[in-house]
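The values are calculated or read from the model by the stated rules, or taken from the named source; none is laboratory data. None of the values given here were measured: they were computed from a predicted structure. When we count neighbours, we look across all protein chains shown, and the Cβ atoms used for this are built from the backbone with ideal geometry, even at glycine.
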Amino acid sequence: MGLVTGTCLAETGHNVICVDNNESKIEKLRKGEITIFEPGLEVYFHRNTKEGRLHFTTSLKEAVDKTDIIFLALPTPAGEDGSADLRHILEVSEELGKLIKSYKIIVDKSTVPVGTAEKVKQTIAGNCKAEFDVVSNPEFLREGVACEDFMKPDRIVIGTSSERAEKIMEELYSPFVRQGNPILFMDELSAEMTKYAANSYLAMRISFMNEIANLCERVGADVEMVRKGIGSDNRIGKRFLFPGIGYGGSCFPKDVKALAYTASAFNYDFKILKSVMQVNQLQREVFVDKLKNYFKGHLAGKKIALWGIAFKPNTDDIREAPALYVIDELLKNNCSVVAYDPEAIENAKRIYSNNKSISFANSMYDCLPEADALVIVTEWNIFRTPEFDKIKLLMKAPVIFDGRNLFEPASVRSKGFEYFPVGR
């Protein structure tokens, strides 16, 4: 989020300094090596570094001295109880208080609990005599299309009680809303709540459709038909209605837990959110149970080919990825797993480096020879139109467990496969 934000701001002519305490990462970025996979980022990155608008440093002082607006794009990992860890944000805020000598705007870009802007303000003020404002500006970037989302946002949410900061932030973001999409100004608390509410609502839609999918399997209905039927209602809309094996990534799991934690802290029993989390976990278990039932509980010694490790396509992010749960369960049941993903293999290797029961293939077909079943976990486009004859020839048995409903069941079954989608 930090690299995308900095690069896209540079694309509109601003001078941007990106700060990180990871010297290795900064050195790579200085050499022109992008440290994440994000479609579209490379073009903006190289153009703005070449034209001298995008810089990288490990010195917070250097960045503070040379800039007017300071974005905090820091991690806020979830604790065991769902609470957001603000350690990194407050540590940097304390340092900022010592460094700020003239008016600055401090922007909370990270997803933070309600009340964080005030905590940041108090922390900075404890060490600072200069004027400053703290603004809450939650990001709504989707991994895989983050650059597009930043350059053409549906809306920009800015929480501030300062007229001075409001005017500057409106000027900063005006190039991104020339087509008329709104910049929504509100108080800091409401801006912070907006981010959690948005992600939790979208997670709720996913869990709802997964429940519908499970019921469809029991009654004999087709969840794809149901999805189209309700998605065409303009009160509901088509997005986030795809059933599967649950949501993952760096946002939805963490943000749903954090909002539930906030509700609990204020003695509110947020029943829907609790159900959203329960259904999301259950959906992964239901998917693995399908394999167990198919093999009558005898998974030991089976070779399972797995397509997709990233939590969603067009990213290498495996944080909270459903694939990790599936892999772990297969390994616990003494299966051997051969996995493939277009971008996330290196990240997965770091997790499973000491496990000899899992290996990683160079292509989607390389993991198939002598496989007892193929499991599809991430809906990369390259998986949507495979050579079924080749798959059937390579596998020990033509069995597919599709956690993302990539294919038409009748078509796949007509090719001689046993096919197990979700809710169909």
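Okay, here's what the table says:
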{"read-out": "Region 356-375 residues that are in contact (Cβ under 8 Å) with a residue 60 or more places away in the chain, paired with ones that are assigned to a loop (DSSP other than H, G, I, E, B) and surrounded by 22 or more Cβ atoms within 10 Å (Cβ to Cβ) (beta carbon under 8 Å, 6 or more apart)", "value": "Leu374/Leu368; Val375/Gly403"}
{"read-out": "Sole residue being part of a loop (DSSP other than H, G, I, E, B) and of a type in the set (Phe, Trp, Tyr), chosen from Phe176, Phe140, Phe150", "value": "Phe140"}
{"read-out": "Check on Ile272, assigned to a helix (DSSP H, G or I), surrounded by fewer than 15 Cβ atoms within 10 Å (Cβ to Cβ), in contact (Cβ under 8 Å) with a residue 40 or more places away in the chain and not assigned by TED's automatic domain parsing to the domain that holds Asp81", "value": "yes"}
{"read-out": "Listing of strands (runs of 3 or more DSSP E) fully contained in region 312-418 that carry 1 or more residues being more than 22 Å from Gly244 (Cβ to Cβ) and of a type in the set (A, V, I, L, M, F, W, C)", "value": "358-360"}
{"read-out": "Test: residue in region 305-325 that is touching a helix residue (DSSP H, G or I) at 6+ places or on another chain (Cβ under 9 Å) and free of Cβ contacts under 8 Å to residues at least 24 places away in the same chain", "value": "no"}
{"read-out": "Every residue from region 192-208 that is of a type in the set (A, V, I, L, M) and without any contact (Cβ under 8 Å) to a residue 60 or more places away in the chain", "value": "Ala198, Leu202"}
{"read-out": "Sole residue being closer than 16 Å to Asp133 by Cα and out of contact with any strand residue (DSSP E or B) (no Cβ under 7 Å at 6 or more places or on another chain), chosen from Ser174, Ser161, Ser207", "value": "Ser161"}
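To keep it simple, each residue is scored yes or no on (1) within 18 Å of Thr67 (Cβ to Cβ); (2) among the polar types (S, T, N, Q); (3) crowded, with 16+ Cβ neighbours inside 10 Å.
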position: Glu163; (1), (2), (3): no, no, no
position: Arg178; (1), (2), (3): no, no, no
position: Leu184; (1), (2), (3): no, no, no
position: Ala191; (1), (2), (3): no, no, yes
position: Lys195; (1), (2), (3): no, no, yes
position: Ser200; (1), (2), (3): no, yes, yes
